[in-house]
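What follows is a single structure, written as structure tokens, with notes after it.
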Amino acid sequence: MRENTQGLQRYIWYGSSLYGHLRDTIWLPFFKTKKLPSRSSLLLFLFLLFFIGAFTATRFLDAGTLTFISGSGTTPPKTISTTRTHVYPAEIPRKPRTKIEFPLNCSSGNRTRRCPANYYPTKLHSQDDHDGQYSATCPDYFRWIHEDLRPWRETGITRDLVERAKKTANFRLVIVDGRAHVERYRRAFQTRDVFTQWGILQLLRRYPGKIPDLDLMFDCVDWPVIKSSDYNGPNATAPPPLFRYCKDDATLDIVFPDWSFWGWPEINIKPWEGLLEELKEGNKRKTWMEREAYAYWKGNPMVAATRMDLLKCNISDKHDWGARVFAQDWRRESQQGYKQSDLASQCIHRYKIYIEGSAWSVSEKYILACDSVTLVVKPRYFDFFTRSLMPVHHYWPVRDDDKCRSIKFAVDWGNSHKQKAQAIGKAASDFIQEDMKMDYVYDYMFHLLSEYAKLMRYKPTVPRKAIELCSETMACPSEGLQKKFMTESMVKGPIDASPCTMPPPYDPLALHSLLSRKANSIRQVELWEKKYWENQTIHN
């Protein structure tokens, strides 16, 4: 008993620094005598020990609410919410990295038209995991990268296959040691090739030293050309790998983000990062219920017969199909300073129509971003992200062989099912704002190029006629909107985070289930539409 008492005395006297300041006032009287404390003293000691234990426990509550009442009368109590965050000292905090930027050196670029020798570091950081930061899983549409590259999983990509894709390519891109080289074959329409190459340069600035060596051909024309039927059968060869902006179910071209993400100076479409924020603000100007209760489309109808057919759905003396369709004269719009084509000001309709042009159209992402119900006229082509859009969830499918009646049904259905219609519009704009932000566009490029490079069966070398590209040689000589958009979309320096984590490829059953869900949703809408018009005939 004496030894236990002395042990407790030593612990209280020396072992607890937390309560050392209490020992003289509370504990010392108990140990001034060698006699054991009385029963009443022992009870007092236990009570104090319990009190201190309870006090200690309250220090580790995650959160609490403290209420202070000040004054008297009718003054309500003031409530102060306090939140404590756990600190886990499992590892020593690392010193934050200094933000690195690669400034644009136009004085050098204009004088020599050559890229600086130290333009991109081969290895920026010694730690590949960026200080252990965990990256989020990429959006689901990244899974289509595996499908687009599937034709070469068995054979790989040889130099001969790449050379065979030269037939229609606008340029050849070779990346060696993190530096980009381009061999041009033919000019693209407007500045498609220029801003595509600019986007790739920004990827290299964002992830310096992390893009593997590669060699690819890029075709900037709308229509895909690598037909899958030409590479079927037991004696078929592997298809040539050719990058472009869209494809369809009958072709094997590799889809890549389009040039307009970095700007489209010919029609004054701003780079995506800033424009996405403007579209978000534009959505707030009118609630869905306050918007015009009809379907809206404005574009160039001359590029495709299907768009010319859409003009028949405009309001007339005989019919009101619930659509307001306008032809866009880009030449006149340019002369008037693009006052009538501001995309952020066009989110004022409950329904917006997406219809393809000569092939897929870059307008789809702007239309989907508007909170309006996107009425998608049955498309043939798709780009890199639209394969993840679900009918009746992200958009409303419209027949291409009976557009006007189909649009009329969609508008009437939406006006009769307002909550469901609003949910469709919101799902689409949420998808664009969350899964289509510029970070993910760059990560899609990163993973597509990285997976492509893994399939190469030769070491890429710089072609004899290729020239090196860098931000200086592209932006410094530029003028007007082209230079403005390049400056606005330029990546200032490397990002201190890893790309998102690639999701696995679809297994055959999951892919079949996904495609069946889409087809069934479209069939369901067509059945509703058929019944709607049958009822209209009966009542008329």
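Only the coordinates and a few stated rules stand behind these numbers; no lab work does. The model shown is predicted, which means the values in this text are computed figures rather than measured ones. So basically every Cβ, Gly included, is an ideal-geometry build from the backbone, and we count neighbours across all protein chains shown.
Dimensions of the range 272-438 based on its C-alpha atoms, expressed as ranges along the principal axes with the largest first, amount to 42, 42, 32 Å.
Cα-based radius of gyration for the range 179-273, normalised by 2.2 N^0.38 Å, reads 1.24.
Computed from label points 7 Å out along Cα-Cβ, the spacing between Leu527 and Ala327 is 4.1 nm. For the peptides 184-197, 316-329, residues were scored by their other Cβ atoms within 10 Å and the scores averaged per peptide; the highest-first order is 184-197, 316-329.
Ranked by the mean number of other Cβ atoms within 10 Å of their residues, highest first, the peptides 493-500, 257-264 fall in the order 257-264, 493-500.
Work out the P(r) tail for the range 225-329: percent of alpha carbon pairs separated by more than 22 Å, whole number. Of all Cα-Cα pairs in the range 225-329, 61 percent lie more than 22 Å apart.
Using per-residue counts of other Cβ atoms within 10 Å, averaged over each peptide, order 273-283, 240-250 from highest down.
By packing density, highest mean first, the sequence is 240-250, 273-283.
Around the Cα centre of the range 272-438, unit charges on the Cβ atoms of Lys, Arg, Asp and Glu (plus for the first two, minus for the last two) sum to a dipole of about 380 debye. For the residue pairs Lys270/Lys492; Lys247/Lys280; Lys284/Lys365; Lys298/Lys530; Lys286/Lys408; Lys167/Lys210, the C-alpha atoms sit more than 21 angstrom apart in Lys247/Lys280; Lys298/Lys530; Lys286/Lys408; Lys167/Lys210. Average projection, convex hull of the Cα set of the range 424-540: 15.3 square nanometres.
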